[in-house]
């Protein structure tokens, strides 16, 4: 079974990124030992900004704000992406996504497709049964 990989993109000059770090460490150690956490640090240049090369890489990856998370799961690839901060709602959404995508049997199911008991078998990339079935 593939492990969920949570990639956090952060900037050295980002106060929210630094403030969130202890919470993420606690989540990783206490609640989500089955998730691989990876940090991708965007270093600030001498003026405190981000270099053109780093901006291009971030743009290619779809990262336009910090801290930004992308979740990857095996052959499904990227299953979620979002930004997070220290607010209770944001941390709850982060916990939900980590729990949802790291739980066996639900890791590939798009929540918007869950309309009935049989819909649990539908995952991104699979044919979706007609509405009248």
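Which residues, counting only those in the stretch 94-106, are surrounded by fewer than 16 Cβ atoms within 10 Å (Cβ to Cβ) and modelled with pLDDT of 90 or more?
Scanning the stretch 94-106 gives 95, 96, 99.
Report yes if residue 113 is out of contact with any strand residue (DSSP E or B) (no Cβ under 6 Å at 6 or more places or on another chain) and at pLDDT 90 or above, otherwise no.
no
Considering only the stretch 47-82, how many residues are modelled with pLDDT of 90 or more, surrounded by 14 or more Cβ atoms within 10 Å (Cβ to Cβ) and more than 13 Å from residue 11 (Cα to Cα)?
Number of matching residues: 7.
The values are calculated or read from the model by the stated rules, or taken from the named source; none is laboratory data. Predicted, not measured: the structure shown is a model, and the values here were computed from it. FYI the Cβ positions are ideal-geometry reconstructions off the backbone, even for glycines, and counts take in every protein chain you see.
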